[in-house]
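The values are calculated or read from the model by the stated rules, or taken from the named source; none is laboratory data. Remember, predicted model here, so these are calculated numbers, not experimental data. Note that each Cβ is placed from the backbone with ideal geometry, even for glycine, and that neighbours are counted across all protein chains shown.
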Amino acid sequence: MQGKALPGFRDFYPEDLSLRNHIFATWRSVAGRYGFEEYDGPPLEALDLYTKKSGDEIVQQLYSFRDKGDREVALRPEMTPTLARMVAARVQALRKPIRWFSIPQLFRYERQQRGRLREHFQLNMDIIGEAGPLADAELMAAAVDIMRAFGLGPGDVQLRISDRRVIKSLLLGRGVTEAQLGTAFAVIDRSERVPKNALEEMLRESGVGSRESEAVFDVAGLRGVDALKAAGEVAEPLTQAVDALKEMGLGEFVSVDMTIVRGLAYYTGIVFELFDAQKKLRAIAGGGRYDGLLDQPALGFGMGDVVLGELLKERDVAPKASIELGAFLIAVGGDDLPTVLQLAHALRERGIAVEYGLRQAGVRKQLELASARGAARAVIVGPEERSAGLAVVRDLRTSTEAKVPLRQLLNGYFD
Ligand code: HAM
């Protein structure tokens, strides 16, 4: 038997799964509050869905192979191409704007590092069929509200926003050519992670002159709407989206920051990423507008469970246990077992989580087990009390005890 999961793949022990479930439940709850409907697609797709739609970086990371029917297939590395395919197939029938979310598991053959694995779960929220900046603001607000629902504030996370149209116009206005834009965007995308001289080399290799090269770094350094205006950009949709977020009371979470361009090829407008405020971790979420992927306006974001999970643990806002036992039932002797079984079943019927020892053991041993299982209280059924129609309820946190009629325990005492 192999000792370990594959590199970059996770085993979810109960405490890990309880965090994952907490993350999924919060995602679902906020997406629901925003009126998004859940969908899903297949984890395996035709390879060309990604080679046509995703852009180089992701294509290089694909888990792809030829299946037994000689088809070129790939495990999904992202959800957006599947969403585009599904929407395109029913575009006439679907009422616009479409507001859909999904929580797919995704696979990318990445170099494993902190916050980057070879599989992750990713909340995707997308709006299709709306060109106005209020749609951008809506999605960004949802991403921020998810953070708030986890108990994180503007001191914990920041949403960094920019607009590819603005960056493009700034670059073209400073002598970068259309043909060089791709490299310039890639350089800006990496400007916080890769040393400047390596990036200058990248620009030089694409034929970008030294003055234009400096301009690329200047553009990446622009912060705030006023700086954009001073640089000669109107940045209308971006400003409107930021204003809408302020109206919603989320202004403190937001900063306009031209370093954000996003790695994926298909983005065309406002783009954004959510980071921990200290920028110690990788991006928690990223997205933007991708009007070219479908024949209509579209925008969305992806939020992974890996960086988010790390942040929740670091800030101590992750749930502690997967189940909370309402009671641990203890039979003092073999004759007490039928009463314990009856009681266990009645309490479970009422929705209370209950456990009891699956083998005969002394009361002390069973109390230890009850504490180890994190039960709030133990119910001890012994011959003496039982003949009087009673059981002992012991609060395991305060170690206080009370004798309670069995009838009451069966009929809502713990509700
Ligand atoms: P992405 O930036 O590639 O965008 O991924 C979004 C988020 O997923 C990242 O910010 C990160 O939290 C998480 N993530 C990505 N790759 C990994 C990995 N290898 N390990 C752990 N977490 C990861 C997209 O995928 C776009 N399709 C999102 C989108 C939806 N855009 C529009 N709609």
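Below, the figures for the structure above:
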item: Every pair of residues 6+ apart whose Cβ atoms lie under 7 Å, when the first sits in segment 373-388 and is assigned to a loop (DSSP other than H, G, I, E, B) while the second is of a type in the set (F, W, Y); result: R373/F328; A375/F328
item: Selection count, segment 139-151, where residues are within 18 Å of F272 (Cα to Cα) and touching a Leu at 6+ places or on another chain (Cβ under 9 Å); result: 9
item: Only listed residue being small (G, A, S), more than 10 Å from the ligand (Cβ to nearest atom) and not assigned by TED's automatic domain parsing to the domain that holds R377, chosen from G333, G269, G302, G263; result: G269
item: Qualifying residue in segment 321-343 (condition: in a loop (DSSP other than H, G, I, E, B), over 34 Å from the mean Cα position of the chain (by Cα) and hydroxyl-bearing (S, T, Y)); result: no
item: Output for segment 363-372, where each listed residue is touching a residue at least 12 places away in the same chain (Cβ under 8 Å) and either of a type in the set (K, R) or in contact with a helix residue (DSSP H, G or I) (Cβ under 8 Å, 6 or more places away or on another chain) (or both); result: none
item: Among the candidates G207, G151, residue that is on the phi > 0 side of the Ramachandran plot, over 33 Å from the mean Cα position of the chain (by Cα) and touching a residue at least 12 places away in the same chain (Cβ under 8 Å); result: G207
item: Unique match (being assigned to a strand (DSSP E or B) and charged (D, E, K, R)) among D126, D145, D136; result: D126
item: Filter result for R348 (in contact (Cβ under 8 Å) with a residue 40 or more places away in the chain, away from the ligand (no atom under 16 Å from the Cβ) and either among the β-branched types (V, I, T) or in a helix (DSSP H, G or I) (or both)); result: no
item: Scan of segment 124-135 for residues that are more than 9 Å from the ligand (Cβ to nearest atom) and aliphatic (A, V, I, L, M), ordered by number; result: I127, I128, A131, L134, A135
item: Exclusive hit being farther than 23 Å from S162 by Cβ and buried (at least 16 other Cβ atoms within 10 Å of the Cβ), set L94, L139, L152, L62; result: L62
item: Residue count for segment 103-123, restricted to those that are near the ligand (Cβ under 7 Å from one of its atoms) and in a loop (DSSP other than H, G, I, E, B); result: 5
item: Members of segment 254-266 found to be more than 21 Å from A231 (Cβ to Cβ) and surrounded by 21 or more Cβ atoms within 10 Å (Cβ to Cβ), listed by number; result: L264
item: Filter result (more than 14 Å from the ligand (Cβ to nearest atom) and either touching a helix residue (DSSP H, G or I) at 6+ places or on another chain (Cβ under 8 Å) or among the hydrophobic types (A, V, I, L, M, F, W, C) (or both)) within segment 31-51; result: R33, Y34, E38, P42, L44, A46, L47, T51
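Yes/no matrix, rows are residues, columns are (1) within 22 Å of F24 (Cα to Cα); (2) surrounded by 18 or more Cβ atoms within 10 Å (Cβ to Cβ); (3) of a type in the set (A, V, I, L, M):
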residue: D316; (1), (2), (3): yes, no, no
residue: P319; (1), (2), (3): yes, no, no
residue: I323; (1), (2), (3): yes, no, yes
residue: G326; (1), (2), (3): no, yes, no
residue: L329; (1), (2), (3): no, yes, yes
residue: V332; (1), (2), (3): no, yes, yes
residue: R350; (1), (2), (3): no, no, no
residue: Y356; (1), (2), (3): no, yes, no
